[in-house]
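The values are calculated or read from the model by the stated rules, or taken from the named source; none is laboratory data. Computed from a predicted structure; not experimentally measured. Cβ placement follows ideal geometry from the backbone for every residue including glycine, while neighbour counts extend to all protein chains displayed. Accessible surface areas use protein heavy atoms only, side chains included; no ligands, DNA or RNA. Shrake-Rupley method; radii C 1.70, N 1.55, O 1.52, S 1.80 Å.
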Amino acid sequence: MGVKAALPRYEIYLYTAVLCMALLWTASWIFEVSRANVNRKTFKASVKDGWYYFGRKVDMADTEWVMWFLNFRCHILFALSGHVIFAKICSMLAPKHRSIMYTAYGMMAIFTSMGWTYVTLVLSHCVLLYSISLVKIKWLCFVAGLTSLATFKIEPFVTWQEGFVTGSFQLQGLLFYGGCGFTIMRCMSFALENCEKNEGNYSFLELLKYNFYLPFFYFGPVMTFDKFHVQVNNPDLIRKEREMWNIIAWAVGHLGIIITVDVLFHFMYILTIPSDLKLVKQLTDWTLAGLAYSNLVFDWVKATVMFGVINTVSKLDHLDPPKPPKCITMLYVFAETHFDRGINDWLCKYVYDYLGGNHDNIWNELVATVCTFSVTALWLGPCQIVCVWAFLNCFGLNFEFWLAKFFSLEPFASIEMAMSEAMSRRIRAVFNAFNFWAIILYNVLALNSLDFARLVARRLLLRGFPLSTLSVLIVTYCGIQLIKERERKQALLLDPDPVLTPEPTPIPASTPSPTTTPTPSPKAVAVDAPGKEDAGKEKAE
């Protein structure tokens with residue numbers, strides 16, 4: 001059945017009311033737990049003084065959020081502001097050579113913050129992978145790239161390379177791993193694209209332009225070389241209508257998100273509570289479900305803001321960066337579960353789609369997903385939590401594919417064709433509700449701990465059965481239906497059904513023909529075109 005199946009309006013209103021009441025109820029439980037345990041001993045390490053005049057403390061358990069938006073925001077804003085000013089001057093004076101100017105500023109900023117030994121280390125990996133790319137053997141480039149990536153993820157190579165970086169800058173450790181990791185991914189993309197080049201090779205200067213573009217260097221996202229090369233060397237710098245207004249609105253929106261998160265952290269300690277397992281065991285089932293869900297929502301918000309700020313700067317440079325991650329609330333299939341569209345596009349292009357082909361064969365799909373999550377585990381750093389996370393998500397993606405194949409057989413296909421589209425949508429939403437919580441549980445262990453994820457699963461599936469289990473699934477079902485309704489409206493905007501006009505009634509010859517005004521044909525409203533994840537969702541459904 002298609003995604004355009006509609007439900008009665010009163011049914012959508014009922015789902016909206018149930019979901020809103022459940023979210024407010026769960027938020028009130030989390031707020032009460034935060035208020036009652038604010039002075040708990042285990043909270044002292046992460047709950048710090050916040051609004052002095054209101055007597056509120058703030059949750060500062062997430063080190064990345066505190067680092068980017070509290071401790072080092074001035075350093076980051078200074079570096080990015082300098083890039084914006086420098087890029088604007090270059091775009092006005094020498095638009096054809098702006099890519100070289102970006103590289104010069106990026107290398108100067110990296111040299112200033114990390115030192116010449118770090119720049120030399122990054123250049124050595126670039127030279128190594130560039131030299132191997134000249135052979136134009138894909139598997140050799142891939143093996144060399146993964147080996148270089150492993151040297152930044154596996155001991156004793158990590159400690160040995162860290163010794164080359166000198167200085168006592170507090171942000172230096174994180175910048176080291178971020179810059180080196182993204183460098184290897186970019187160099188692999190360059191090497192693989194160079195293998196695809198029919199005549200000659202890309203120059204080493206093109207690799208330097210690609211790698212040392214400052215907004216992407218430390219923080220990502222990864223834009224594949226073929227896209228970056230075309231966009232950064234485009235001399236046409238004319239902006240579209242209202243493009244600057246959209247960029248400003250985008251930046252203001254992210255500022256609003258940062259302020260909203262800061263306000264919420266003063267009232268709900270969603271990051272600190274899961275770390276205290278003694279307290280977590282005393283919470284209700286609904287509070288545990290709300291904590292697991294809110295932790296994933298915050299991780300999405302953090303990724304959206306971090307990539308959004310960088311993407312705003314790159315849009316000012318006339319680039320089209322990868323889109324921000326899709327909200328976790330909108331995900332009910334494993335094919336769309338990713339928090340970094342840049343890495344996701346990279347993996348899809350060079351691993352998943354390359355090995356999986358048209359994603360119709362079960363064996364090819366299994367090989368493609370195993371290889372994809374193996375590379376992802378190496379990118380994140382192989383450890384127990386990462387390996388468990390990779391295995392569960394790989395299994396979920398394949399199990400989703402196996403079920404789709406199974407239910408496409410007879411007699412299930414005939415049964416679904418015999419029922420109405422609305423009923424088919426309701427039945428699918430029931431299965432999607434189970435899938436949604438599988439995604440939540442599989443990914444929350446990577447954010448908190450394996451013990452917390454195991455505790456949530458045990459409470460919702462075993463101890464809370466049947467009351468808590470069924471109530472949570474009913475609320476999730478309502479949310480899935482609202483997501484499907486939003487997707488239905490987007491599908492109608494992308495491809496509206498043709499309006500069938502009835503044949504005109506013949507007019508007698510003695511009667512004068514009335515003057516008719518032609519009705520304009522409906523036009524599709526411009527929205528984001530569906531990508532690989534949308535195709536994966538259709539396949540999974």
With every protein chain left in place, what is the accessible area per residue of the chain in square angstrom, probe 1.4 Å?
53
Roughly how many whole Å is it from the C-alpha centroid of the range 460-474 to that of the range 282-327?
28
At a 1.4 Å probe, what is the % contribution of carbon and sulfur to the accessible area of the chain?
67
Kyte-Doolittle mean at least 0.5 and Cα axial length at least 15 Å: DSSP H helices in the chain:
9-36, 73-93, 98-114, 116-133, 138-150, 172-196, 243-265, 285-316, 362-380, 384-407, 421-447, 467-494
Taking the chain, the whole-percent share of alpha-carbon pairs separated by over 39 angstrom is 35
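Once every DSSP H run of n ≥ 4 in the chain is given -39500 (n - 2.57) and the sum is divided by its residues, what mean residue ellipticity at 222 nm do you get, rounded to the nearest 500 deg cm²/dmol? Can you show the working numbers first?
On the way: 23 runs with 345 residues, N = 541.
Result for the chain, helices only: -21000 deg cm²/dmol.
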Spelling it out for residue 48: with amide H atoms placed in the peptide plane at 1.01 Å from N, the residues 5 or more places away or on another chain with amide H under 5 Å from its amide H are 58, 60
Nothing charged except the Cβ atoms of Lys and Arg (+1) and of Asp and Glu (-1): what's the magnitude of the dipole of the chain about its Cα centre? Round to the nearest 20 debye.
1200
Using the charge dipole of the chain (Lys, Arg: +1 at Cβ; Asp, Glu: -1 at Cβ; taken about the Cα centre), state which of 147, 449, 355 has its Cα farthest towards the positive end.
449
